[in-house]
Amino acid sequence: MHGLWRRCGGCFEPLQYFATGVRCAFELLRRDLDGRPFPLYIRPAAVIPPQPHRTTAAPASDDKHAPPLPPTVSAMACSCAHDVVFDANVIRNSALEDGLAGWAPLGACTELSVRHEEPARVPTQTINDVEDGYRPSGRYILVAGRGGEEDGLCQAIPAGALKPRVTYRVAGWIGLGDGAAEEHAVRVNIRLGGDEGEEEGGEGGECALVVEAGAVCAEAGKWTEIKGVFRLKASPASGAGVHVQGAPAGVDVKVMDLQVFATDRKARFKKLRKKTDKVRKRDVVLKFAGAGASSGVSGASIRVMQMDTSFAFGACINPAVIQEPAFVDYFTKHFDWAVFENELKWYHTEAVQGQLNYADPDALLDFCDRHGKPVRGHCIFWAVDRMVQKWVKDLPNDQLAAAVQGRLTSLLTRYAGRFPHYDVNNEMLHGTFFQDRLGDDVNAFMFKETARLDPGAALFVNDYNVEGGGDPNATPEKYIAQVNALMEKGAPVGGIGLQGHVTNPAGEIICDALDKLATTDLPVWLTELDVCESDVCLRAEDLEVVLREAYAHPAVEGVVLWGFMQGHMWRQDACLVNSDGTINDAGQRFINLRQEWTSHARGKIDSDGNFKFRGYHGSYVVQLATATGKMHKAFSVDKGDTPLVLDMDV
């Protein structure tokens, strides 16, 4: 998730967060745009448990009598991975065993030197999984004498080292010199074309192409792990290089163990399947009372079918899409929850002061009720200044406070009990409109008042870029600090929302963010997932990366897609269903994963009157065929570490 950044205090804020990846460095890195990123969006209290979720009717792969599913990793060939050496560092002399060999300064006065830091002071970095922690070398490059933000260090990347259509990760540690008074953004870029060490733009004003590969807010006296990701659409025609830049003139930058390496998604998926089996499945023993050799039950045929899953899958809807038969068909078959794209937002329900209009959310709620889909309430307020309607901005502070109370009372009394979740004040990591106007306690007030008016709803924070590692303003650590600050003021935070507007996702980075957020003991939902990639084969692979990471993580309880049909999505090149109703590779990948995560079993009752299977959490129906007829019985498989033993009366 990388785009354009501009200075905001000591750090950078994203001007558009999901760039195409390749940029004209001289033109774009210096431009300061003043525009909204995108026009649409986007355990203290008792948390509502996940409601039952209807699965697709197609049988899952663990039914040995079902037809085989298309392999969900068959599209790995689209990554051109046959000639890639995975997890091999493209950067030479990363740990500085050969001094500064291979490294060059950026800037006329920039000076590089090798220094040493006690490795124990550097946090351990996770490269591939928890067990594969990378130990820092302790050697780093001090970049001094910098004359501006574009000054730093670089290294040429050998021709052919970067393969097209392969996802690469950037990792390492960044720090600032002791003289830095505040945190500053430092970024890693992959520069395509030109000679390393030349000013970007080159002689005669020619533009170098730059892929933004990572950014971090670094601090003096502290090492911060940088996590980035990028992918090239074509091989570099005239060489490439990695650049580390950022922080104002005069601020020294420290770089330790910088790495660029290709990620092995196939190997990662293998690990995630094992993790998923542990997190989402349980051994089950069905005991049939009175069964024995003379009962007629022993040896009887049995079939177990999963009907619902305890993990939520949802999608956003609006008044237009529910009129599209192809949309409704895919939505009702493959999704269990819904969220409204814009129709519940304040600027939609009260565009003009005092003129309330709930016609659209009423109609959408009726649609969801008819189809048995619970709905996330998105959102009561939006903290980003440019997403607040003008009449609200124009109010004096006392009237603004009254309007906030009016919004809460109007919305929550009308829909009390209808929304299991609410996103209370959207994107508080990226906006502070209400806080700036009404004081630091207003965010906690919004949560407390929402809980008072609708005590059954789980109340979420919701923000973007947290799971991607490339936004210095939206790190997991900052998100956790925000949640803790709210709870210290009495806010009943009931869940953490990760929007999930992703490009070129790296599963290890997503997992690391989820691991950190899980320390809050709050449920995590991906609330607005879309995966942007023009190549639908790669899009399917990217979607699988995110879904497998989410489904395998014990803290995650649901994933909601921010649309899925071409022509009805906020981001281009993210659809699962084409405008003519045909299901593309990404849409089929989603179906295949849902089928993979649904359990069915067949067999015969053993001589002890038992039938054993291992199944995903959710609700089931068992069908038993005996000489006297067929019997059906419902049961549920809940989370648990020990086998679930259920008595089945016949």
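The values are calculated or read from the model by the stated rules, or taken from the named source; none is laboratory data. Small disclaimer: the values here were computed from a predicted structure and weren't measured. Here the Cβ positions follow ideal geometry from the backbone for every residue, glycine too, while neighbour counts run over all protein chains shown.
Summary of computed values
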quantity: Region 87-105 residues that are modelled with pLDDT of 95 or more, paired with ones that are assigned to a loop (DSSP other than H, G, I, E, B) and among the charged types (D, E, K, R) (beta carbon under 7 Å, 6 or more apart); calculated: GLY102/ARG92; ALA104/GLU196
quantity: Residue check for ARG376: part of a helix (DSSP H, G or I), under 26 Å from the mean Cα position of the chain (by Cα) and charged (D, E, K, R); calculated: no
quantity: One residue from ASP329, ASP336, ASP277, ASP362 being within 23 Å of ILE583 (Cα to Cα) and surrounded by fewer than 17 Cβ atoms within 10 Å (Cβ to Cβ); calculated: ASP329
quantity: From the options ASP308, ASP336, residue that is within 19 Å of TYR551 (Cβ to Cβ) and touching a Ser or Thr at 6+ places or on another chain (Cβ under 6 Å); calculated: ASP308
quantity: Residue match in region 565-579 (condition: in a strand (DSSP E or B) and touching a Cys at 6+ places or on another chain (Cβ under 7 Å)); calculated: yes
quantity: Boolean, PHE288 is within 19 Å of ARG548 (Cα to Cα), buried (at least 18 other Cβ atoms within 10 Å of the Cβ), among the aromatic types (Phe, Trp, Tyr) and not assigned by TED's automatic domain parsing to the domain that holds ARG376; calculated: no
quantity: Answer from GLY558, GLY618, GLY563 - the residue that is under 21 Å from TYR464 (Cβ atoms) and in contact with a Pro (Cβ under 9 Å, 6 or more places away or on another chain); calculated: GLY558
quantity: Which listed residue, of THR432, THR413, THR475, THR450, is in contact with a Phe, Trp or Tyr (Cβ under 7 Å, 6 or more places away or on another chain) and β-branched (Val, Ile, Thr); calculated: THR450
quantity: So GLY587, is it within 20 Å of LEU538 (Cβ to Cβ) and in a loop (DSSP other than H, G, I, E, B); calculated: no
quantity: When residues of region 112-169 are limited to those that are among the aliphatic types (A, V, I, L, M) and out of contact with any strand residue (DSSP E or B) (no Cβ under 9 Å at 6 or more places or on another chain), the one modelled with the highest pLDDT; calculated: ALA120
quantity: Candidate set: region 611-642, residues that are modelled with pLDDT of 95 or more and of a type in the set (S, T, N, Q); chosen: the one nearest to SER599 (Cα to Cα); calculated: SER619
quantity: Options ALA491, ALA540: the member that is more than 27 Å from THR432 (Cβ to Cβ), of a type in the set (Gly, Ala, Ser), crowded, with 24+ Cβ neighbours inside 10 Å and more than 12 Å from the chain's Cα centre (by Cα); calculated: ALA540
quantity: Region 294-328, subset aliphatic (A, V, I, L, M) and assigned to a helix (DSSP H, G or I), residue farthest from ARG407 (Cα to Cα); calculated: ALA326
quantity: Residue satisfying condition, being at positive phi and surrounded by fewer than 22 Cβ atoms within 10 Å (Cβ to Cβ), within set GLY299, GLY246; calculated: GLY299
quantity: Pair list, Cβ < 9 Å and 6+ apart or interchain, from region 555-575 residues that are farther than 27 Å from ASP512 by Cα and of a type in the set (Phe, Trp, Tyr) to residues that are outside any loop (DSSP other than H, G, I, E, B) and at pLDDT 95 or above; calculated: TRP570/CYS316; TRP570/HIS501; TRP570/GLU528; TRP570/ASP530
quantity: When residues of region 239-288 are limited to those that are of a type in the set (Asp, Glu) and within 30 Å of ALA101 (Cα to Cα), the one farthest from the chain's Cα centre (by Cα); calculated: ASP252
quantity: When residues of region 550-591 are limited to those that are acidic (Asp, Glu) and more than 17 Å from THR276 (Cα to Cα), the one surrounded by the fewest Cβ atoms within 10 Å (Cβ to Cβ); calculated: ASP580
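Residue by residue, here is whether (1) in contact with a strand residue (DSSP E or B) (Cβ under 7 Å, 6 or more places away or on another chain); (2) part of a helix (DSSP H, G or I); (3) not assigned by TED's automatic domain parsing to the domain that holds LYS604 holds:
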| residue | (1), (2), (3) |
| --- | --- |
| VAL284 | yes, no, no |
| TYR330 | yes, yes, yes |
| GLU343 | no, no, yes |
| HIS348 | no, yes, yes |
